[in-house]
1. Scan the stretch 226-244 and tell me whether some residue there is touching a strand residue (DSSP E or B) at 6+ places or on another chain (Cβ under 9 Å), of a type in the set (D, E, K, R) and closer than 25 Å to Val67 by Cα.
2. Suppose the filter is under 19 Å from Tyr240 (Cα atoms), out of contact with any Lys or Arg (no Cβ under 6 Å at 6 or more places or on another chain) and in a helix (DSSP H, G or I); does Leu79 pass it?
3. What are the residues in the stretch 1-31 that are out of contact with any Asp or Glu (no Cβ under 9 Å at 6 or more places or on another chain) and of a type in the set (Ser, Thr, Tyr), if any?
4. Residues of the stretch 36-65 being closer than 11 Å to Tyr103 by Cβ, of a type outside the set (Lys, Arg) and in contact with a helix residue (DSSP H, G or I) (Cβ under 9 Å, 6 or more places away or on another chain), which ones?
5. For the stretch 245-256, indicate whether the set of residues that are of a type outside the set (D, E, K, R) and under 20 Å from Leu186 (Cβ atoms) is non-empty.
6. Ser56 - would you say it is in contact with a Lys or Arg (Cβ under 6 Å, 6 or more places away or on another chain), among the polar types (S, T, N, Q), farther than 20 Å from Asp181 by Cβ and assigned to a helix (DSSP H, G or I)?
7. Going through Glu155, Glu214 one at a time, which residue ends up being in contact with a Ser or Thr (Cβ under 6 Å, 6 or more places away or on another chain), acidic (Asp, Glu) and over 17 Å from Ser9 (Cβ atoms)?
8. For Leu7, all conditions in the list (1) within 16 Å of Ala263 (Cα to Cα); (2) modelled with pLDDT under 95 hold save one; what is the number of the exception?
Amino acid sequence: MAEPLVLPSTRLLPQDPVAAVERLASEGYARIELNYASFERAGYDHPSYPNMLRRSLLEAARRGVEVPVVHAPWEDYFLLALGRGVEAAVSEALTLAEIADSYGVEVMVFHPFSAKRVGSGRVEWINKKFFALLSEKADDEGLNVSFAVENTSREKPWSRIEAVASLVSRVSHPRLRLCIDFGHALLNGYQPGEAVSAASGLETCLHVHDNHGERDEHLIPGAGSARWLTLRGRRLAARYAVVEVDCREHLEHCLARLRVAVAATETVVSLAR
């Protein structure tokens with residue numbers, strides 16, 4: 001099984017997403033991940049997101065940079081549409097998927113709706129219906145992009161990787177997979193090797209970052225308490241490993257951190273040979 005390709009994320013640069021894409025291209029990165037955090041930190045409102053998503057992907061295409069993975073907006077983005085029914089939320093997500101697909105994006109990562117926002121009595125039903133219907137609609141539209149559900153930091157029940165894996169299995173659509181967020185997993189008691197085991201081979205991407213087990217710090221791998229050696233010998237089904245490290249300092253400092261983070265992530269995924 002091939003080793004996951006390491007993708008630097010736009011979330012690491014303290015710039016708006018279009019400028020972040022431009023800078024990563026100028027630094028020589030041929031493949032990147034476009035992260036919703038870049039849009040949020042730049043202050044764009046929800047109605048502006050589809051257009052800014054298109055602009056950012058267009059900038060990447062102009063510069064010959066591939067964007068295999070896009071991190072879709074957090075669940076808050078879809079709640080207004082969800083108030084009109086699951087079908088309305090799916091329609092909003094499908095619009096974004098169509099934009100991403102038109103620029104060759106392979107995977108869109110979604111946070112599932114949490115029990116806190118939609119109610120513990122229907123959280124399983126809403127997420128199953130949302131992701132099943134989104135996958136079916138994407139089939140109907142002839143899209144190539146696939147979807148991945150991410151384990152969350154604190155939001156129940158999706159802070160448990162087994163719950164996310166069960167959701168993916170119950171939807172049972174080849175377009176839907178899982179994204180292991182190692183930082184979120186660590187906050188919930190999983191060391192990296194345990195997180196991979198809990199995913200049961202359903203992962204299509206990895207979010208690689210570290211913390212000290214208390215806050216979602218998005219540190220460089222090795223700067224927190226994650227025991228990355230637990231990945232040794234594990235088989236990774238993921239195609240992509242996203243460098244989900246944060247930096248809110250001066251741009252040049254963040255670029256230096258990015259280079260270190262990419263090297264650390266390459267070391268992490270090499271452990272799983």
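The values are calculated or read from the model by the stated rules, or taken from the named source; none is laboratory data. These figures come from a predicted structure and were not determined experimentally. Heads up, the Cβs are rebuilt from the backbone with ideal geometry, glycines too, and the neighbour counts pull from every protein chain shown.
1. yes
2. Numbers: under 19 Å from Tyr240 (Cα atoms): no; out of contact with any Lys or Arg (no Cβ under 6 Å at 6 or more places or on another chain): yes; in a helix (DSSP H, G or I): yes.
No, not satisfied.
3. Ser26, Tyr29
4. Of everything in the stretch 36-65, those that are closer than 11 Å to Tyr103 by Cβ, of a type outside the set (Lys, Arg) and in contact with a helix residue (DSSP H, G or I) (Cβ under 9 Å, 6 or more places away or on another chain) turn out to be Leu53, Ser56, Leu57, Leu58, Glu59, Ala60, Val65.
5. Checked the stretch 245-256: at least one residue is of a type outside the set (D, E, K, R) and under 20 Å from Leu186 (Cβ atoms).
6. no
7. On the way: Glu214 fails: in contact with a Ser or Thr (Cβ under 6 Å, 6 or more places away or on another chain).
Answer to the check: Glu155.
8. (2)
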